[in-house]
1. Take the conditions assigned to a helix (DSSP H, G or I), touching a residue at least 40 places away in the same chain (Cβ under 8 Å), within 16 Å of ligand 2 (Cβ to nearest atom) and closer than 30 Å to L208 by Cα and apply them to T177. Does it pass?
2. Enumerate the pairs (first residue in the stretch 21-42 and more than 21 Å from N9 (Cβ to Cβ); second residue anywhere and of a type outside the set (D, E) and in a loop (DSSP other than H, G, I, E, B)) with beta-carbon separation below 6 Å, excluding pairs fewer than 6 apart on the same chain, so at least 6 apart or on different chains.
3. Is it true that some residue in the stretch 449-468 is under 23 Å from K63 (Cβ atoms), open to solvent by 40 Å² or more (accessible area, probe 1.4 Å) and assigned to a helix (DSSP H, G or I)?
4. Which condition from (1) of a type outside the set (D, E); (2) in a strand (DSSP E or B); (3) surrounded by 18 or more Cβ atoms within 10 Å (Cβ to Cβ) is the one that Q136 breaks?
5. For the stretch 202-220, enumerate the residues that are buried (at least 18 other Cβ atoms within 10 Å of the Cβ), of a type outside the set (F, W, Y) and away from ligand 2 (no atom under 11 Å from the Cβ).
6. Go through (1) open to solvent by less than 60 Å² (accessible area, probe 1.4 Å); (2) within 30 Å of G257 (Cα to Cα) for G119 and report which single condition fails.
7. How about the stretch 161-189: which of its residues are open to solvent by 40 Å² or more (accessible area, probe 1.4 Å) and within 12 Å of ligand 1 (Cβ to nearest atom)?
8. Take the stretch 391-403 and flag every residue that is open to solvent by 10 Å² or more (accessible area, probe 1.4 Å) and closer than 11 Å to S462 by Cα.
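The values are calculated or read from the model by the stated rules, or taken from the named source; none is laboratory data. No experiment lies behind these values; they were computed from the predicted model shown. Neighbour counts are summed over all protein chains in view; Cβ atoms, including those assigned to glycine, are modelled from backbone coordinates with ideal geometry. Please note that ligands, DNA and RNA were not included when accessible areas were found on the heavy atoms of the full protein model with its side chains. Shrake-Rupley method; radii C 1.70, N 1.55, O 1.52, S 1.80 Å.
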Amino acid sequence: IKMGILMANSYDLIVIGGGPGGYAAAIKAAQLGMSVACIEKRVGKKGPALGGTCLNVGCIPSKALLDSSHKYTEAQHDFATHGIGVEKVSFDLVKMMDRKDKIVTQLTGGIEQLFKANGVTWLQGHGKLLAGKKVQVKDTDGNEKTYDAKNVILASGSEPIDIPVAPQDGTHIVSSTGALEFSEVPKRLGVIGAGIIGLELGSVWSRLGAQVTVIEAQEALLPMVDGQVRKEVQKLLKKQNLTIHLGAKVSKAKVDGDVVKVAYTDAKGEQTAEFDKLIVAVGRKVNTDNLFGEGLELTMAERGMVQVDESCRTSIDGVYAIGDLVRGPWLAHKATEEGIVAVEVIAGHKAAMNYDAIPSVIYIHPEVAWVGLTEEAAKENGYDVKTGSFSFAANGRALAANDSNGSVKVVSDVKTDRILGVHIVGPQASEIIMQAVIAIEFAASTEDLQLVCFGHPSLSESLHEAVLAVDNKAIHAAPKRKR
Ligand code: FAD
Ligand code: AMP
């Protein structure tokens, strides 16, 4: 027997799920000297794949298509403003999809390499937590093997919600996963749900020529976004030929030949619509199918989530849960940080995660990004707030780029001067927001950021001016009251 192919029967840590939560936890544990196995069952287009929802069917492929479709829109509508003429702008959807798939393969293959380099064992198959910190793995051939673990991290993530009123057939009615794979641009595209995923995917296909209608049950668009920013987003979306019906609940969707017939109810009563494709983007649910064996004393939380404390400990000693399986925003970077924290705790280190400094981004154009409290939430939490805003229309770099829609808003505490939240709609908001994340993480006061020398010309100067505007000190904006 060659030593190399001998598989261990026990590990210091077994991670179930190889997404951004699970794979990061596995690598971190290897760095700290633990013997680690990560169980992942996903089979991607090119075979078994690590990386989870995020790398395979989430963050990365959606951003690849958002970038491609944005470049196409720029070539069509923006180049002329710069004095650049292009004869006829066209795109090749097959090439666009190929590019996206290559990025996915490059990144998922990269995680596999990192596992090898760090000595993390990838157990391909379905993992199940059994009593006594045993973990069973069932491979694709149906072979079962049970391992002992000193510690277990549950990181099985989430999957799209399927609603009975709009049963998916995988061709005409699809989830976010199917919406990343259309082989041609649908003429008429319906999207149920105006959440982040619905708006991002709606934008992709709208830019490529689909006539997109988004049907959203709630009266308000993006309720988690700061009110002032939300209004601006709504205006900008309207200009982009995206029809959004708010207060409209889908009651039935069915495929009839090559057409999807949708019935929905809004303030005016019963409505109908017809589409060539329909994306169901009504949220996600935890992935806990066949994850737990008999006799586990695991406390569950609402919506099927696993109950955890602030360090991701479950009710079973030595068993942790992270990412989309637990409370908090269901975002890739939150999953990763929780994975790191859980492993640090296992190693006996002091570790904690600051849930007040997690950035959120919507990658439409212009991008929407925020961190911390909205003005409304700050007031509800009893803060006496002061706010400042600055528009990209007065930012030299944004004008130079012909990308000057949007603004930055800063929410601060009157009493302590601390920055409570920053809300951006504008060019590269996803990058600018990180400065606010660092500021909030370091408990910066408004004055701290006011005293920073920002490079000129840069989009980030809008953050500086917004911070100055909190105290009516912006240089490139008229004062709130005439002096
Ligand atoms: P997952 O990424 O879901 O990974 C869990 C893995 O576990 C899966 O691969 C699954 O196959 C595997 N698994 C499950 N059960 C078992 C089992 N019993 N045995 C073995 N393996 C199992 N987030 C962002 O932060 N930024 C974005 O831009 C963004 N865009 C998104 C776009 C789309 C279209 C979607 C769908 C999601 C997006 N998200 C984004 C959300 C992000 O993908 C998730 O928050 C993140 O992937 C959660 O990570 P996770 O590790 O908890 O779980
Ligand atoms: P999110 O959970 O952020 O991904 O957003 C999903 C959105 O879908 C929410 O805003 C829901 O209000 C919306 N939604 C859920 N069910 C329906 C339905 N039947 N018709 C229209 N919108 C829905």
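1. Values: assigned to a helix (DSSP H, G or I): yes; touching a residue at least 40 places away in the same chain (Cβ under 8 Å): yes; within 16 Å of ligand 2 (Cβ to nearest atom): yes; closer than 30 Å to L208 by Cα: yes.
Yes.
2. G21/A155; G21/I322; Y23/L50; L32/A347; R42/A49
3. no
4. (3)
5. Of the stretch 202-220, the ones buried (at least 18 other Cβ atoms within 10 Å of the Cβ) are 202-208, 210, 212-216.
Retained after the next criterion (residues that are of a type outside the set (F, W, Y)): 202-204, 206-208, 210, 212-216.
The answer is G202, S203, V204, S206, R207, L208, A210, V212, T213.
6. (2)
7. I161, T177, E181 - these are the residues of the stretch 161-189 that are open to solvent by 40 Å² or more (accessible area, probe 1.4 Å) and within 12 Å of ligand 1 (Cβ to nearest atom).
8. Residues of the stretch 391-403 that are open to solvent by 10 Å² or more (accessible area, probe 1.4 Å), as a first pass: 391, 393-394, 396-397, 399-403.
Of everything in the stretch 391-403, those that are open to solvent by 10 Å² or more (accessible area, probe 1.4 Å) and closer than 11 Å to S462 by Cα turn out to be S391, A393, A394, G396, R397.
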